[in-house]
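The values are calculated or read from the model by the stated rules, or taken from the named source; none is laboratory data. These numbers were taken from a predicted model, which means no experiment stands behind them. Quick reminder, even Gly has a Cβ in these numbers, built from the backbone with ideal geometry, and neighbours come from all protein chains shown. Calculation scope for accessible area: heavy atoms of the full protein, side chains included, ligands and nucleic acids excluded. Shrake-Rupley method; radii C 1.70, N 1.55, O 1.52, S 1.80 Å.
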Amino acid sequence: MLSVLSYGRLVARAVFGGLSQTDGRDYSLVTASCGFGKDFCKGILKKGMCYGDDACFIARHRSADVLGVADGVGGWRDYGVDPSQFSGTLMKTCERLVKEGRFVPSNPVGVLTTSYYELLQNKVPLQGSSTACIVVLDRQSHRLHTANLGDSGFLVVRGGEVVHRSDEQQHYFNTPFQLSIAPPGAEGAVLSDSPDAADSSSFDVQLGDIILTATDGLFDNMPDYMILQELKKLKNSNYESIQQTARSIAEQAHVLAYDPNYMSPFAQFACDNGLNVRGGKPDDITVLLSIVAEYTD
């Protein structure tokens, strides 16, 4: 037989459990960014929300918080094209669409699709390729909606464990899915995927959940357990703490990228594909670190 005290605890749990499922509060993301261009050690940095050929954005609308990262494909540099132009323009277009309210929170693929087709119709010719990852928090429903094309991606951490993560999309080793605009007449010779090919997901989030969105420069150099160790340093949801942790993660990935003796996730993946590779992978690194918090206007 349950004691009065035990019964009271059960009732309290049921009441509070019900409240948590019908929480009337709006949620929001407190987000900080940090990154390094691959040429950081040479003193070459780009302005704004660009780190090398990577680009990102953080935008807010009355119904949702939206953020994204994109990784320009560096091979275009061999043809005299600046890879950062494509990724940067793609992310700026996504940001503008969000701020104008031209999006549906539950459909991040729609944001990516509209942005990409705007680039295709650009009066000024734009060439290049990029991966992309878009993350949308619907404030009222407390659901996170994501779209990931290629090998950028996200992690959702709760209670020190990864509870959700994006799936990497590769055609074959080191060749991720990507949006592309080819020179006239060369469309068939350039690898190009439709925005509809992006992997989509939707799930509920809780107050205090940590969302890490990043380009492959992070995930190729830091396994999950290292990222989780860094996230343990995050003690509260104020911006300064989040910014400090984002920088710590990006800095560690940048150091590991240039360690020739380190068996990085990228090197392990290469070995799994029959290649004798060791060391980090020098690359641009972009990190967006967010905490789910109660919305304050």
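Within the range 246-261, take every residue that is in contact with a strand residue (DSSP E or B) (Cβ under 6 Å, 6 or more places away or on another chain) and surrounded by fewer than 23 Cβ atoms within 10 Å (Cβ to Cβ) and give me the one that is nearest to Asp209 (Cα to Cα).
Pass one, the range 246-261, residues in contact with a strand residue (DSSP E or B) (Cβ under 6 Å, 6 or more places away or on another chain): 246-247, 249-250, 253-254, 260.
Now narrow it down to the ones that are surrounded by fewer than 23 Cβ atoms within 10 Å (Cβ to Cβ): 247, 260.
Details: Arg247: 19, Pro260: 34 Å.
By that ranking, first place goes to Arg247.
Across the range 234-245, which residue is farthest from Asp283 (Cα to Cα) among those that are modelled with pLDDT of 95 or more and open to solvent by less than 50 Å² (accessible area, probe 1.4 Å)?
Residue satisfying both the conditions and the ranking: Ser241.
Would you check if Gln268 is among the polar types (S, T, N, Q), touching an Asp or Glu at 6+ places or on another chain (Cβ under 7 Å) and at pLDDT 95 or above?
Answer is no for this residue.
Only one of these is exposed (fewer than 14 other Cβ atoms within 10 Å of the Cβ), on the phi < 0 side of the Ramachandran plot, among the acidic types (Asp, Glu) and in contact with a His (Cβ under 7 Å, 6 or more places away or on another chain): Asp196, Asp204, Asp167. Name it.
Answer to the check: Asp204.
Any residue at all in the range 214-225 that is part of a strand (DSSP E or B) and at pLDDT 95 or above?
Yes, some residue in the range 214-225 is part of a strand (DSSP E or B) and at pLDDT 95 or above.
Given the residues Asp151, Asp193, which is the only one that is more than 28 Å from Asp259 (Cβ to Cβ), part of a loop (DSSP other than H, G, I, E, B), charged (D, E, K, R) and under 19 Å from the mean Cα position of the chain (by Cα)?
Sole residue among the options that is more than 28 Å from Asp259 (Cβ to Cβ), part of a loop (DSSP other than H, G, I, E, B), charged (D, E, K, R) and under 19 Å from the mean Cα position of the chain (by Cα): Asp193.
So Ile44 fits all but one of (1) modelled with pLDDT of 95 or more; (2) surrounded by fewer than 21 Cβ atoms within 10 Å (Cβ to Cβ); (3) β-branched (Val, Ile, Thr); what number is the exception?
Every listed condition holds for Ile44 apart from (1).
Let's see how each residue does on (1) over 26 Å from Asn174 (Cα atoms); (2) modelled with pLDDT of 95 or more; (3) in contact with a strand residue (DSSP E or B) (Cβ under 9 Å, 6 or more places away or on another chain); (4) open to solvent by less than 30 Å² (accessible area, probe 1.4 Å):
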residue: Val69; (1), (2), (3), (4): no, yes, yes, yes
residue: Leu90; (1), (2), (3), (4): no, yes, yes, yes
residue: Arg96; (1), (2), (3), (4): yes, yes, yes, no
residue: Lys99; (1), (2), (3), (4): yes, yes, yes, no
residue: Arg102; (1), (2), (3), (4): yes, yes, no, no
residue: Pro108; (1), (2), (3), (4): no, yes, yes, yes
residue: Leu112; (1), (2), (3), (4): no, yes, yes, yes
residue: Ser115; (1), (2), (3), (4): no, yes, yes, yes
residue: Ser129; (1), (2), (3), (4): no, yes, yes, yes
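Please go through the range 49-62 and give me each residue that is at pLDDT 95 or above, open to solvent by less than 60 Å² (accessible area, probe 1.4 Å) and out of contact with any strand residue (DSSP E or B) (no Cβ under 7 Å at 6 or more places or on another chain), ordered by number.
His61
Can you give me the number of residues within the range 263-297 that are open to solvent by less than 50 Å² (accessible area, probe 1.4 Å), touching a residue at least 24 places away in the same chain (Cβ under 8 Å) and outside any helix (DSSP H, G or I)?
14
Would you confirm, using the coordinates I've provided, whether Thr215 is out of contact with any Ser or Thr (no Cβ under 6 Å at 6 or more places or on another chain) and hydroxyl-bearing (Ser, Thr, Tyr)?
Answer is no for this residue.
Of the conditions (1) closer than 24 Å to Arg143 by Cβ; (2) modelled with pLDDT of 95 or more, Asp297 clears all except one; give me its number.
(2)
Can you tell me which of Val190, Val135 is in contact with a Ser or Thr (Cβ under 6 Å, 6 or more places away or on another chain), modelled with pLDDT under 95, surrounded by 13 or more Cβ atoms within 10 Å (Cβ to Cβ) and of a type in the set (Val, Ile, Thr)?
Values: Val135 fails: modelled with pLDDT under 95.
Answer to the selection: Val190.
Cβ-Cβ below 9 Å, separation at least six or inter-chain, first residue in the range 60-81 and closer than 19 Å to Asp284 by Cβ, second among the aromatic types (Phe, Trp, Tyr) and in a loop (DSSP other than H, G, I, E, B): which pairs?
Qualifying pairs under 9 Å: none.
Restricting attention to the range 169-190, which residues are outside any loop (DSSP other than H, G, I, E, B), out of contact with any strand residue (DSSP E or B) (no Cβ under 7 Å at 6 or more places or on another chain) and under 19 Å from Gln85 (Cα atoms)?
Glu187
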